[in-house]
Structure formats: structure tokens, C-alpha cells
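Q: Just dropping this structure here.
What follows draws every value from the coordinates through simple rules; no lab data is involved. Fair warning: this is a prediction, and the values are worked out from it, not measured in the lab. When we count neighbours, we look across all protein chains shown, and the Cβ atoms used for this are built from the backbone with ideal geometry, even at glycine.
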Amino acid sequence: MEWHDMQSKYILLLLSMFSLFTVIVVGAYVTVAGFGGACGSSVPQDWPTCLGGLFPPLQLAPVMEYTHRIFAALSTLFLLLTTIAFWRAKDADRGVKTAVYVAMGLIIAQVLLGGLVIAQSEAPLTTTAHQAVAILTFGVTVAAFARSRGPPSL
């Protein structure tokens, strides 16, 4: 399947959608379990790394927080590849392209908010904003995928 093939764009969009959902679920678990901050709170020393290292210590809390960061990085990469694929597509629906571009902008904001959450030791307002932008990014990606499938048949 060639890069410019429409099918590959939809697969990337689907991968983006599922990886974003996974990030939200793992992030919620990290927050509820009280594992946030287990990789440290010094930016840039502890973010995006963990306690200043490339890998976390083999303890549940830092491993789970770092897993969230790995999934976040993967979803950002999938969304970036999706954005590039739709940007290069001349035949893609304009609404789908717009939604993908909005999702990419949101994920950039999300990455910055993630660093702020760490720097502010998980201040409730920042953590809530981080979760809200994650849900919004996922929603926009779902909308892009839904629109890419065409109008519903009755």
C-alpha cells in the first residue's frame, strides 16, 4: 500500500484515534492511583524522561507514569504522520483535513500542558486542563474518522 493511498491515511487516523484513547485511559489510571510525579517534578530533568534517566526504576509507580509518557509520544507520532498524510492528500475531504489539523494543534498544546502538570506538581487546575484537552483531541480525531467514512447510510 502506497503512502498516498487513501486507505493508508485512514489506517493512520485509526491508529491515532486508538492510541489517543489508550493515553487517556493510562493517564487516568496514573492520576487515580496517585502515580503522578513518580518520575519526578523537575522540568526538563524529569520530563519527558523519568527521574533524569531514559528508563524508569523498576517500581510500579514510575513505570506506569513512564508508560503514559511512552503512549503519549506514540500517539503524538501517529497523529503527526496522519497530519502529514492528509496534508499531502489532494483528494481528501476538506472537513477531515481540518479536523486532523485541529487535533494536531491540540496535541501540541497537550504536550506542553503535560510538562506544566509535572512542573506544577500536578496542580488540580492544570491536571484538569490536561485531561480536558486530551478528551477534546480524542473527540476531534473521532469526528475526523467518522467524517472520513462518509455520510451515514439509512
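Q: With each pseudo-label sitting 7 Å past Cα toward Cβ, what's the TRP87-ALA33 distance in nm, one decimal?
A: So the label points at TRP87 and ALA33 sit 3.5 nm apart.
Q: Now, a different point. Using alpha carbon coordinates only, what is the Rg to Rh ratio of the chain, with Rh defined as the Kirkwood radius?
A: We get a ratio of 1.04 for the chain.
Q: To continue, here is another question. Answer with one residue from PRO62, THR49, ILE135: the one whose Cα lies farthest towards the positive end of the charge dipole of the chain, charges on Cβ with Lys, Arg +1 and Asp, Glu -1.
A: ILE135
Q: Separate question: Taking the alpha-carbon centroid of each part, what is the distance from region 11-30 to region 43-94 in angstrom?
A: 10 Å
Q: Order the peptides 22-34, 133-145, 49-61 from the highest to the lowest mean number of other Cβ atoms within 10 Å of their residues.
A: Result, highest mean Cβ count within 10 Å first: 133-145, 22-34, 49-61.
Q: In what sequence, highest mean first, do 65-73, 124-132 appear when ranked by Cβ atoms within 10 angstrom?
A: 65-73, 124-132
Q: Got the relative contact order for region 6-148 handy, in percent, Cα pairs under 8 Å and 6 or more residues apart?
A: Worked out over region 6-148, it gives 32 percent.
Q: About the Cα centre, and with charges only on the beta carbon of Lys, Arg (+1) and Asp, Glu (-1), how big is the dipole of the chain? Nearest 20 debye, please.
A: Value, rounded to 20: 440 debye.
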